[in-house]
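> So that we are looking at the same thing, I have put the structure below in C-alpha coordinates.
The values are calculated or read from the model by the stated rules, or taken from the named source; none is laboratory data. Everything numeric in this text was worked out from a predicted model, so none of it was measured. Every residue, glycine among them, receives a Cβ derived from its backbone with ideal geometry; neighbour counts consider all protein chains shown.
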Amino acid sequence: MSNRRDFMGMALGGFTALGGIGALYAMKRTWDPLPSVKSAGFTTIDLKDYKENVLATEKWRGKPVFVLKQTKEMIEKAKKNGELKRLIKVNDDYYMVAVGLCTHLGCIPGYNPADESFLCACHGGMYDSTAMVTKAPPPRGLDIPPFKIDGTKLVLGETGPEYEKMLADGTTMKV
(Lines give C-alpha, C1' and ligand atoms only; values in the text may rest on other atoms or scores of the structure.)
Protein backbone atom coordinates (compact mmCIF):
# COMPACT_ATOMS: atom_id res chain seq x y z
CA MET A 1 0.00 0.00 0.00
CA SER A 2 2.76 2.38 0.82
CA ASN A 3 4.26 2.13 -2.68
CA ARG A 4 0.93 2.68 -4.40
CA ARG A 5 0.14 5.65 -2.15
CA ASP A 6 3.59 7.18 -2.85
CA PHE A 7 3.11 6.67 -6.58
CA MET A 8 -0.33 8.35 -6.52
CA GLY A 9 1.06 11.29 -4.53
CA MET A 10 3.96 11.74 -6.96
CA ALA A 11 1.67 11.45 -9.99
CA LEU A 12 -0.74 14.02 -8.52
CA GLY A 13 2.17 16.34 -7.72
CA GLY A 14 3.56 15.96 -11.26
CA PHE A 15 0.22 16.73 -12.90
CA THR A 16 -0.26 19.72 -10.57
CA ALA A 17 3.20 21.06 -11.49
CA LEU A 18 2.46 20.66 -15.22
CA GLY A 19 -0.86 22.45 -14.79
CA GLY A 20 0.83 25.27 -12.88
CA ILE A 21 3.47 25.68 -15.59
CA GLY A 22 0.76 25.74 -18.25
CA ALA A 23 -1.20 28.39 -16.31
CA LEU A 24 1.91 30.57 -15.86
CA TYR A 25 2.68 30.29 -19.59
CA ALA A 26 -0.90 31.31 -20.47
CA MET A 27 -0.71 34.31 -18.11
CA LYS A 28 2.58 35.43 -19.66
CA ARG A 29 1.08 35.19 -23.16
CA THR A 30 -1.82 37.47 -22.15
CA TRP A 31 0.61 40.11 -20.89
CA ASP A 32 2.67 40.17 -24.09
CA PRO A 33 1.70 42.75 -26.74
CA LEU A 34 -0.06 41.39 -29.81
CA PRO A 35 2.10 40.74 -32.89
CA SER A 36 0.20 43.44 -34.77
CA VAL A 37 1.12 45.97 -32.08
CA LYS A 38 4.77 44.90 -32.06
CA SER A 39 5.06 45.22 -35.84
CA ALA A 40 3.40 48.64 -35.80
CA GLY A 41 6.12 50.08 -33.57
CA PHE A 42 8.31 51.40 -36.40
CA THR A 43 7.42 52.50 -39.90
CA THR A 44 10.14 53.28 -42.44
CA ILE A 45 9.29 55.78 -45.17
CA ASP A 46 11.56 56.36 -48.18
CA LEU A 47 11.15 60.06 -48.99
CA LYS A 48 12.95 60.12 -52.35
CA ASP A 49 9.81 59.17 -54.33
CA TYR A 50 7.48 61.84 -52.94
CA LYS A 51 6.25 64.63 -55.21
CA GLU A 52 5.92 68.31 -54.27
CA ASN A 53 2.50 69.45 -52.98
CA VAL A 54 1.07 65.92 -53.19
CA LEU A 55 -0.12 64.63 -49.83
CA ALA A 56 0.76 61.03 -49.01
CA THR A 57 -0.84 59.27 -46.08
CA GLU A 58 1.16 56.58 -44.33
CA LYS A 59 0.16 54.50 -41.32
CA TRP A 60 2.02 54.40 -38.02
CA ARG A 61 0.65 52.62 -34.92
CA GLY A 62 -2.82 52.66 -36.44
CA LYS A 63 -2.78 56.43 -36.97
CA PRO A 64 -2.66 58.28 -40.29
CA VAL A 65 0.58 60.17 -40.85
CA PHE A 66 0.60 62.96 -43.45
CA VAL A 67 3.75 63.45 -45.53
CA LEU A 68 3.89 66.54 -47.73
CA LYS A 69 6.98 67.48 -49.73
CA GLN A 70 7.24 71.27 -49.74
CA THR A 71 7.54 73.40 -52.88
CA LYS A 72 9.94 76.35 -53.03
CA GLU A 73 7.01 78.71 -52.48
CA MET A 74 5.88 76.75 -49.41
CA ILE A 75 9.38 76.89 -47.97
CA GLU A 76 9.61 80.66 -48.52
CA LYS A 77 6.22 81.14 -46.87
CA ALA A 78 7.30 78.97 -43.91
CA LYS A 79 10.50 81.03 -43.54
CA LYS A 80 8.49 84.26 -43.59
CA ASN A 81 6.05 82.96 -40.94
CA GLY A 82 8.81 81.47 -38.77
CA GLU A 83 7.47 77.92 -39.21
CA LEU A 84 10.48 76.38 -40.95
CA LYS A 85 11.38 74.60 -37.69
CA ARG A 86 8.25 72.42 -38.09
CA LEU A 87 9.57 70.98 -41.35
CA ILE A 88 11.94 68.04 -41.61
CA LYS A 89 14.94 68.61 -43.86
CA VAL A 90 16.28 65.57 -45.70
CA ASN A 91 19.15 66.41 -48.06
CA ASP A 92 17.94 69.59 -49.84
CA ASP A 93 14.21 68.91 -49.51
CA TYR A 94 11.78 69.87 -46.76
CA TYR A 95 8.88 67.68 -45.67
CA MET A 96 5.90 68.24 -43.44
CA VAL A 97 5.35 65.03 -41.47
CA ALA A 98 2.48 65.03 -38.98
CA VAL A 99 -0.03 62.73 -37.34
CA GLY A 100 -3.17 63.31 -39.43
CA LEU A 101 -5.53 63.79 -36.49
CA CYS A 102 -6.97 67.21 -35.67
CA THR A 103 -5.72 68.41 -32.29
CA HIS A 104 -9.24 69.65 -31.47
CA LEU A 105 -11.34 66.47 -31.55
CA GLY A 106 -9.26 63.92 -33.46
CA CYS A 107 -10.95 64.15 -36.87
CA ILE A 108 -8.90 63.57 -40.04
CA PRO A 109 -8.41 66.85 -41.94
CA GLY A 110 -8.57 66.91 -45.73
CA TYR A 111 -5.84 68.51 -47.87
CA ASN A 112 -6.53 71.06 -50.59
CA PRO A 113 -3.48 71.31 -52.91
CA ALA A 114 -4.77 74.49 -54.60
CA ASP A 115 -4.84 76.40 -51.29
CA GLU A 116 -1.97 74.39 -49.78
CA SER A 117 -4.07 73.97 -46.64
CA PHE A 118 -5.81 71.37 -44.52
CA LEU A 119 -9.47 71.68 -43.48
CA CYS A 120 -11.01 69.77 -40.60
CA ALA A 121 -14.65 69.44 -41.58
CA CYS A 122 -15.89 68.71 -38.05
CA HIS A 123 -15.60 72.28 -36.74
CA GLY A 124 -13.92 74.23 -39.54
CA GLY A 125 -10.36 74.24 -38.19
CA MET A 126 -7.67 74.98 -40.77
CA TYR A 127 -3.95 74.23 -40.99
CA ASP A 128 -1.34 75.52 -43.43
CA SER A 129 1.20 73.42 -45.36
CA THR A 130 3.44 73.16 -42.26
CA ALA A 131 0.47 71.79 -40.25
CA MET A 132 0.17 74.95 -38.10
CA VAL A 133 -3.26 76.27 -37.18
CA THR A 134 -4.52 79.12 -39.36
CA LYS A 135 -8.14 79.07 -38.16
CA ALA A 136 -9.37 77.96 -34.72
CA PRO A 137 -10.74 75.87 -32.89
CA PRO A 138 -7.69 73.51 -32.91
CA PRO A 139 -5.46 74.51 -29.98
CA ARG A 140 -2.16 73.72 -31.73
CA GLY A 141 -0.69 72.46 -34.97
CA LEU A 142 -0.80 68.81 -35.96
CA ASP A 143 1.51 66.69 -33.82
CA ILE A 144 4.79 65.46 -35.27
CA PRO A 145 5.44 61.74 -34.62
CA PRO A 146 8.80 60.62 -33.23
CA PHE A 147 11.23 60.15 -36.11
CA LYS A 148 14.83 59.48 -37.00
CA ILE A 149 16.43 60.39 -40.31
CA ASP A 150 18.40 57.58 -41.97
CA GLY A 151 19.73 58.84 -45.32
CA THR A 152 16.64 59.47 -47.46
CA LYS A 153 14.51 57.36 -45.14
CA LEU A 154 12.46 58.45 -42.18
CA VAL A 155 11.95 55.92 -39.39
CA LEU A 156 8.72 56.76 -37.55
CA GLY A 157 8.57 55.61 -33.95
CA GLU A 158 12.29 55.97 -33.32
CA THR A 159 13.56 59.15 -31.66
CA GLY A 160 16.46 60.93 -33.37
CA PRO A 161 18.30 64.17 -32.52
CA GLU A 162 16.11 66.24 -34.86
CA TYR A 163 12.95 65.14 -33.06
CA GLU A 164 14.56 65.71 -29.66
CA LYS A 165 15.33 69.29 -30.74
CA MET A 166 11.69 69.81 -31.80
CA LEU A 167 10.52 68.57 -28.39
CA ALA A 168 13.04 70.75 -26.54
CA ASP A 169 12.07 73.98 -28.30
CA GLY A 170 8.32 73.30 -28.03
CA THR A 171 7.68 72.75 -31.75
CA THR A 172 5.70 69.58 -31.01
CA MET A 173 4.45 67.50 -28.11
CA LYS A 174 5.19 63.83 -27.43
CA VAL A 175 2.84 61.52 -29.34
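> On the basis of being assigned by TED's automatic domain parsing to the domain that holds Val155 and either out of contact with any helix residue (DSSP H, G or I) (no Cβ under 8 Å at 6 or more places or on another chain) or loosely packed, with under 10 Cβ neighbours inside 10 Å (or both), does Phe42 make the cut? Walk me through how you get there before you give the answer.
Numbers: assigned by TED's automatic domain parsing to the domain that holds Val155: yes; either out of contact with any helix residue (DSSP H, G or I) (no Cβ under 8 Å at 6 or more places or on another chain) or loosely packed, with under 10 Cβ neighbours inside 10 Å (or both): yes.
Considered against the rule, which asks whether it is assigned by TED's automatic domain parsing to the domain that holds Val155 and either out of contact with any helix residue (DSSP H, G or I) (no Cβ under 8 Å at 6 or more places or on another chain) or loosely packed, with under 10 Cβ neighbours inside 10 Å (or both), Phe42 comes out as yes.
> Moving on to the next point. Has region 62-71 got at least one residue that is more than 19 Å from the chain's Cα centre (by Cα) and either in the same structural domain as Met126 (by TED's automatic domain parsing) or not in a helix (DSSP H, G or I) (or both)? Spell out how you get there, then give the answer.
Step one: filter region 62-71 for residues more than 19 Å from the chain's Cα centre (by Cα), giving 70-71.
Now narrow it down to the ones that are either in the same structural domain as Met126 (by TED's automatic domain parsing) or not in a helix (DSSP H, G or I) (or both): 70-71.
Yes, region 62-71 contains a residue that is more than 19 Å from the chain's Cα centre (by Cα) and either in the same structural domain as Met126 (by TED's automatic domain parsing) or not in a helix (DSSP H, G or I) (or both).
> Just a yes or no: is a residue in region 150-158 assigned by TED's automatic domain parsing to the domain that holds Thr57, modelled with pLDDT under 95 and more than 24 Å from Val54 (Cα to Cα)?
yes
> Only one of (1) at pLDDT below 95; (2) polar (S, T, N, Q); (3) under 23 Å from Ile45 (Cα atoms) fails for Asn81. Which number is that?
(3)
> Turning to a different aspect of this structure: Tally up the residues in region 123-137 that are within 22 Å of the chain's Cα centre (by Cα) and not β-branched (Val, Ile, Thr), please.
7
> Given the criterion over 17 Å from Tyr95 (Cβ atoms) and assigned by TED's automatic domain parsing to the domain that holds Lys79, identify the matching residue among Ala131, Ala114. Quick ask: steps written out before the conclusion?
On the way: Ala131 fails: over 17 Å from Tyr95 (Cβ atoms).
The match here is Ala114.
> Okay, moving on. Here's a check for you: in region 94-115, which residue that is among the β-branched types (Val, Ile, Thr) and assigned to a loop (DSSP other than H, G, I, E, B) is nearest to Thr43 (Cα to Cα)? Working first, answer last.
Kept after step one, since they are among the β-branched types (Val, Ile, Thr), are these residues of region 94-115: 97, 99, 103, 108.
This time we only want the ones that are assigned to a loop (DSSP other than H, G, I, E, B), so: 103, 108.
Numbers: Thr103: 22, Ile108: 20 Å.
Checked region 94-115; the qualifying residue nearest to Thr43 (Cα to Cα) is Ile108.
> With respect to the numbered conditions (1) of a type in the set (D, E, K, R); (2) within 22 Å of Met173 (Cβ to Cβ); (3) out of contact with any Gly (no Cβ under 8 Å at 6 or more places or on another chain); (4) touching a residue at least 40 places away in the same chain (Cβ under 8 Å), which one is the sole condition not fulfilled by Glu116?
(2)
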